[in-house]
Amino acid sequence: MAYIKVNQSKVDQKIADKLQDLCPFGAFDYEDAYLSINAACKVCKICVTKGPNGVCEFIEDDRPRIDKSKYKGIAVYIEHHDNKAHPVSWELIGKAQELAKTTKEEIQAILVGSNVEHIAKEALTYGVDRVFVYDKPLYHDFNVETYTHAVEHAFKTFKSNIILMGGTPLGRSFAPRVAARLKTGLTADCTMLDIKPDGDLLQIRPAFGGNIMAKIHTPNHRPQLATIRYKMFDKPEKTEPNGKIIHVDTADISTQTNLELIEILRQPKVDDISDAEVIIAVGRAFKKKEDLALIEPLRKQLNAEVACTRPLIENGWFDPRKQIGLSGRTVKPKLIINLGISGAVQFIEGMKDSECIISINSDDDNKLFELSHYAIKGDIYDILPHLNDRLESILKGAS
Amino acid sequence: MKIISCIKQVPASSNVDVDPDTGVLIRDGNNVKMNPYDLYSLEASYAIQAKAKDAKTHAITMGPPSASEVLKEALFMGTDDASLISDRAFAGADVLATAYTLSQMIRYIGGYDVIVCGKQTTDGDTAQVGPEIAEFLGIPHVPYVKDIISVEHDALIVKSTYDDYEEIVKIKTPCLITIDKGGFVPRLPSYKRKMSFKNNKIPMVSLKDLPDQNPDHYGLNGSPTQVEEIFPPSNDMDTVTINQTPEKTADTLIDILKERRYV
Ligand SMILES: Cc1cc2nc3c(=O)[nH]c(=O)nc-3n(C[C@H](O)[C@H](O)[C@H](O)COP(=O)(O)OP(=O)(O)OC[C@H]3O[C@@H](n4cnc5c(N)ncnc54)[C@H](O)[C@@H]3O)c2cc1C
Ligand SMILES: Nc1ncnc2c1ncn2[C@@H]1O[C@H](COP(=O)(O)O)[C@@H](O)[C@H]1O
């Protein structure tokens, strides 16, 4: 059993205070000269690595290890809607190829649907080695239960080392179902992936709701499952198809389900910020919704999309699809102007690959400045009116 | 009908920061609240209750003993029963172990028809716990529910919202749904209920009460994923810093935009 052991002989009040200060989760209790760890512990091991020497110790798991050599291949689940693949699937194939350079693994795709041969062929053009196709009329509409039966079959038959899924609304409901079925780990919304030569996937994402990144791994379970948001990685170049399409016999796969789709309703489209070339992103510096009028002249001049941070969504100022960040959209515009945004890691993860980043903030001490090409210190309520005057006079001059 | 809501206590502000020298998270541990999505899900449980015959609602949370505060809040809002599940053996639980523990707790309570979860938490933010509980219980789930259209004797009809489409789905009970924001407006805790529950103690369930008591299935040991390392985000960008009067700043901005042919 793995756990954090406290060497009580080394504990006194001072040591206990130190550890209580250090632990971000308040997991140390000190009572009757006994230092115990309570249920708030997340086993981040900071007490082991940064705590007083030798007091906390991580005791490794001594349960039997799985034979990792039995699991090979990096598989991508191909999500599709209306008979078209979701582009996040291709982005993940690109990432899988990068990872496979280290482990020399095969690139696999898992495709479940009805009449999806054309999607399987398209997968081959992105360099997939084998596409496992589960094709029958029953799979016409996505059903989290019947699709889980199919992906379970795929893993048990082909024994992939890793399965990657898009962190789309559908993927975020489907991946956990598959993970629990296969009794394996799942890391949501990874922002980076890396791999060790032995095939252990390093899943990196902001963690514990803070400005901190965690490197997460799945040391003793297969498959290793992760979801990744759309636009986190680049779509790969197409290549000459060289792989194989494997039509899987679905006759023996359970078709059991307690769900019945009655109707699909389309939602009106909102201009998608994911594909915008120019974005003005607004943060909590805006005190009132009406103040957003200050950005109008600039928005018109730049023909920009307006996006925002999460608190503005919580205020109900914008449609949730306008949120940038880990729990919003990933954007890669040519230009992004951030107005009064502090640069929490969850926001930054959604825009850090933008080509030109300009940020205005009245406080020097914000995390966005060091990630910006232009860090402009100042108050938006002072700068924007002047900027609007300039823009107006330029317009006049031009006409 | 029995409706069980899974609710969680989360940090009240997301202003969690990192000490640049030690890489340690600084957060105000005393400042906690109910996960906002769980407020919507409690409200959804009342909506189902109102549409069903003789329905009872029961809220559960897994966390340290202090997390029973959110259960009290649920009782004050209108939930009929509440229980806390807490044990040192649950420390370090990842999504799989958390969902497994909650599914065991739900089996321990027994006789359930509908499980209601929030879409996601504002601290973990995975949206995975609900669907995993459903899988462990072997029941169907529908995510991101915004409307309970009807409650039938062996099924619910619900509307759920994806990015750019919505689905109307019939889901057989027992089942699990996760609740998105927008569809349900959480009520405020009632003063009267507060007074009547004043002396109630929240029952606490621990590992020894659960159907599966093997400690290897819980907490860190039941968690396939492990944190190998935590580190502050890094960057290496060449930044031009501008600190001028507002007028000058506006000029500079125009210059930058001109250079890039936006003006
Ligand atoms: C699990 C999780 C996921 C999250 N996901 C996201 C996400 O996807 N996207 C997201 O955006 N957030 C996300 N958040 C929230 C995130 O942590 C921050 O709370 C949020 O990004 C802060 O928004 P903000 O910068 O607008 O507000 P604040 O942090 O309040 O910053 C406002 C900034 O404006 C500056 N300012 C104030 N007044 C002025 C003025 N007059 N002129 C100029 N500058 C001014 C201040 O100096 C400050 O830097 C998430 C949080 C968690 C816990
Ligand atoms: N510790 C917990 N106790 C009770 N319910 C939880 C807990 N963690 C997560 N949940 C439920 O699962 C939902 C999704 O959480 P998450 O997967 O962490 O985003 C929450 O809204 C709760 O309904």
Q: State the number of residues belonging to region A:179-192 that are open to solvent by 10 Å² or more (accessible area, probe 1.4 Å) and more than 9 Å from chain B (Cβ to nearest Cβ).
A: 2
**Q.** Condition check for A:Asn258: polar (S, T, N, Q), away from chain B (no Cβ under 12 Å) and away from ligand 2 (no atom under 16 Å from the Cβ)
**A.** no
Q. Filter region A:360-380 for residues that are more than 9 Å from chain B (Cβ to nearest Cβ) and not charged (D, E, K, R); which is most open to solvent (accessible area, probe 1.4 Å)?
A. A:Ser362
Q: Just one of (1) at the interface with chain A (Cβ under 7 Å from one of its Cβ atoms); (2) crowded, with 24+ Cβ neighbours inside 10 Å; (3) away from ligand 1 (no atom under 16 Å from the Cβ); (4) within 28 Å of A:Asp271 (Cβ to Cβ) trips up B:Pro131, so point out which.
A: (4)
Q: Could you run through region A:382-399 and say how many residues are open to solvent by 50 Å² or more (accessible area, probe 1.4 Å) and under 34 Å from the mean Cα position of the chain (by Cα)?
A: 0
(Q) I'd like to know if region A:284-291 contains one or more residues that are assigned to a loop (DSSP other than H, G, I, E, B), open to solvent by less than 20 Å² (accessible area, probe 1.4 Å) and either touching a strand residue (DSSP E or B) at 6+ places or on another chain (Cβ under 7 Å) or facing another protein chain (nearest Cβ under 9 Å) (or both). (A) no
Q.
Cβ-Cβ under 7 Å, sequence separation 6+ or interchain: first residue in region A:284-312 and within 16 Å of ligand 2 (Cβ to nearest atom), partner open to solvent by 30 Å² or more (accessible area, probe 1.4 Å) and not charged (D, E, K, R). Which pairs?
A. A:Arg310/A:Ser327
Q: Enumerate the pairs (first residue in region A:164-175 and touching a residue at least 12 places away in the same chain (Cβ under 8 Å); second residue anywhere and of a type in the set (Gly, Ala, Ser)) with beta-carbon separation below 6 Å, excluding pairs fewer than 6 apart on the same chain, so at least 6 apart or on different chains.
A: A:Leu164/A:Ala226; A:Met165/A:Gly171; A:Met165/A:Ala175; A:Arg172/B:Ala127
Q: Would you check if A:Gly209 is among the small types (Gly, Ala, Ser), surrounded by fewer than 24 Cβ atoms within 10 Å (Cβ to Cβ) and away from ligand 2 (no atom under 16 Å from the Cβ)?
A: no
**Q.** Verdict on A:Asp389 being out of contact with any Ser or Thr (no Cβ under 8 Å at 6 or more places or on another chain) and not in a helix (DSSP H, G or I)
**A.** no
**Q.** B:Ser160 vs. criteria facing chain A (nearest Cβ under 10 Å), open to solvent by less than 20 Å² (accessible area, probe 1.4 Å) and either farther than 24 Å from A:Pro176 by Cβ or assigned to a strand (DSSP E or B) (or both)
**A.** yes
(Q) Against the condition touching a residue at least 12 places away in the same chain (Cβ under 8 Å), away from ligand 2 (no atom under 16 Å from the Cβ), among the polar types (S, T, N, Q) and within 26 Å of B:Thr122 (Cα to Cα), how does A:Asn366 come out, does it pass? (A) yes
Q | Selection within region A:319-359 - within 16 Å of ligand 2 (Cβ to nearest atom), open to solvent by less than 30 Å² (accessible area, probe 1.4 Å) and of a type in the set (Gly, Ala, Ser) | A | A:Gly325, A:Gly328
Q.
Of the conditions (1) within 7 Å of ligand 2 (Cβ to nearest atom); (2) touching a residue at least 40 places away in the same chain (Cβ under 8 Å); (3) more than 9 Å from chain A (Cβ to nearest Cβ), B:Tyr108 satisfies every one except a single condition; which number is it?
A. (1)
Q) Scanning for something closer than 23 Å to B:Lys208 by Cα, more than 8 Å from chain A (Cβ to nearest Cβ), part of a loop (DSSP other than H, G, I, E, B) and more than 16 Å from ligand 1 (Cβ to nearest atom), does region B:77-90 turn up at least one residue? A) no
Q.
Exactly one condition in (1) modelled with pLDDT under 90; (2) outside any helix (DSSP H, G or I); (3) more than 7 Å from ligand 1 (Cβ to nearest atom) is false for A:Ser327; which is it?
A. (3)
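The values are calculated or read from the model by the stated rules, or taken from the named source; none is laboratory data. Small disclaimer: the values here were computed from a predicted structure and weren't measured. Positions of Cβ are backbone-derived with ideal geometry, glycine not excepted, and every protein chain shown enters the neighbour counts. Ligands, DNA and RNA are stripped out before the accessible areas are found, and what is left, the full protein with its side chains, is counted by its heavy atoms. Shrake-Rupley method; radii C 1.70, N 1.55, O 1.52, S 1.80 Å.
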